[in-house]
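Report on the structure given below.
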Amino acid sequence: MKVKCKVEEKSSFKRSLKRLNQKTKKRVKEAIEILKEKPFSGKTLKGKYKRLWKYRIGRYRIIYLPKSCYIQLILISLRDSVY
Amino acid sequence: MSAITVLTSPNIALGRRIEFLANELETLFPKFSEMVEKLEEVEDKFCRPLLLLRPEELEKEFSKQLSSFIYHIISAIIPSSSELLLNADKDVGRIKIKKLIGFEKKLFEEIKHLLREKSSQYELNPEDVIKAHAAVINYDIWILNLVLNIGLDELIRRISERAEDEVQEFTRYLYSLFYTLMTIDLVILKNIPHRKDTLKLLVSWSVYYAEEVEDYLDTLNLAVINETYEIVKDFLEKQ
């Protein structure tokens, strides 16, 4: 049986999730399920923000802090991109 | 230091290779032909010589030339780029920036087919070459959207106050990416004589630089947008 980590959704995360359309919300929920099983499957940010991780979903990034089997979801950030 | 990052990339000049985009570039940048001339000088002086080096000689030469390359590339881009970005607070400037964002997206759609076809001819992984070019276009789109939304001076202020160290590290990766791509494109788009193994090494470096550029863009993006910056700052302070 796969171990699923505990997830805490910060209020800032909930606020940014609310702004997304249904299709993107569904993709975010799917990504959270992946993160529950593999919390370190994203990439770290840089410099003084390097404790935080990002998980990319198209134009969006889930910004989160993974600990040993406990994840804090902080926000969803948007950056336009062509690829 | 941060101000030199707030410039468009030399990648825009690739548009001259696609007829219907070339005309658009002339309208967007009145000094476009001057920029192209200077970029070609940079290609001859800094990029061409790398292609005939042995792979084991490449790293030393690349590092040796990078600072001069940065100086020359900024000199080539500044006249056109600054005219555009400094007018972002005027209606005419805003229209041009919006057009340039649209241009960049069209450029990527067009250039990716060309890159896919040509890179296969040189036994390169087309997705690597496309991904590296995409990072430069993503950078341009990011800068242009921010200048449009918060203005040039405000963007420079926020970068300086909130991510000065990060932007300095980012700048080196960004210009290394420009350097590798301009060199690779000489082969892919102009069929310039080269060593196969050196070309492959340059492509692998460009993929690495592109990934770093994308990671830094995500970091800087959080720092320059007030809402995300406050959330992240508050969160980190409580940890």
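What follows draws every value from the coordinates through simple rules; no lab data is involved. On a predicted model such as this, the values are computed, not experimentally measured, just so you know. Every residue, glycine as well, gets a Cβ built from its backbone with ideal geometry; the counts of neighbours run over all protein chains shown.
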(request) Go through segment B:160-172 residue by residue and turn each phi into a ³J(HN,Hα) via Karplus (6.51, -1.76, 1.60, θ = phi - 60°); whole Hz please, and just put x for glycine and proline. (result) 4, 6, 10, 8, 4, 5, 5, 6, 5, 5, 4, 4, 5
(message) Set the bar at 24 Å for Cα to Cα. Now go through A:K4/A:K26; A:K26/B:K99; A:K38/B:K200 and name every pair that lies beyond it.
(response) A:K26/B:K99; A:K38/B:K200
(request) For a footprinting-style exposure proxy, rank B:T171, B:T27, B:T8 by other Cβ within 10 Å, fewest first. (result) B:T27, B:T171, B:T8
(message) With +1 on the Cβ of every Lys and Arg and -1 on the Cβ of every Asp and Glu, and nothing else charged, how large is the dipole of segment B:21-167 about its Cα centre, in debye rounded to the nearest 20?
(response) 340
(message) Taking the alpha-carbon distance from B:K45 and a cut-off under 16 Å, which lysines remain once sequence neighbours fewer than 8 residues away in the same chain are dropped?
(response) B:K64, B:K190
(request) Between B:F20, B:F29, B:F69, find the one with the highest GNM mean-square fluctuation for chain B; connect C-alpha pairs within less than 10 Å. (result) B:F20
(message) Residue by residue through segment B:217-225, what is 3J(HN,Hα) from phi via Karplus (6.51 cos²θ - 1.76 cosθ + 1.60, θ = phi - 60°)? Round to whole Hz and write x for glycine and proline.
(response) 4, 5, 5, 5, 4, 5, 6, 8, 8
(request) Mind running the shape call on segment B:1-121? Use the C-alpha gyration tensor, a ≥ b ≥ c as the square roots of the eigenvalues: rounded below 1.5 for a/c, prolate if a/b tops b/c, oblate otherwise. (result) oblate
(request) Determine the calculated [θ] at 222 nm for chain B from helices alone, applying -39500 (n - 2.57) to every DSSP H run no shorter than 4 residues and normalising by the residue count; nearest 500 deg cm²/dmol. (result) -28000 deg cm²/dmol
(message) Taking 22 Å as R0, compute the FRET efficiency from the Cβ-Cβ separation of B:N226 and B:Q168 and round it to 0.05.
(response) 0.50
(request) Mind listing the long-range amide H neighbours of A:C5? Cut-off is under 5 Å, sequence gap 5 or more, other chains count too, H placed in the peptide plane at 1.01 Å from N. (result) A:E37
(message) Quick check on segment B:171-239: what does the Kirkwood estimate of hydrodynamic radius come out to from the alpha carbon pairs, in Å?
(response) 14.2
(request) Can you tell me how much longer the chain between B:E161 and B:E237 gets when fully stretched, taken as 0.36 nm per residue apart minus their C-alpha distance, in nm with one decimal? (result) 25.7 nm
(message) Please give the Cα centre distance for segment B:89-120 versus segment B:155-195, rounded to the nearest Å.
(response) 18
(request) Name the most mobile residue of A:K54, A:K23, A:K38, meaning the one with the largest mean-square fluctuation, in a Gaussian network model of chain A with Cα contacts below 10 Å. (result) A:K23
(message) What are the ³J(HN,Hα) couplings of segment A:70-75, residue after residue, when phi is run through the Karplus curve with 6.51, -1.76, 1.60 and θ = phi - 60°? Round to Hz, x for glycine and proline.
(response) 8, 10, 9, 8, 9, 6
(message) On a straight-distance basis, which lysines could pair with B:K233 in a cross-link, Cα separation under 23 angstrom, same-chain partners fewer than 8 positions away excluded?
(response) A:K10, A:K14, A:K18, A:K43, A:K46, A:K48, A:K50, A:K54, A:K67
(message) Taking the alpha-carbon distance from B:K105 and a cut-off under 15 Å, which aspartates and glutamates remain once sequence neighbours fewer than 8 residues away in the same chain are dropped?
(response) A:D80, B:E24, B:D140
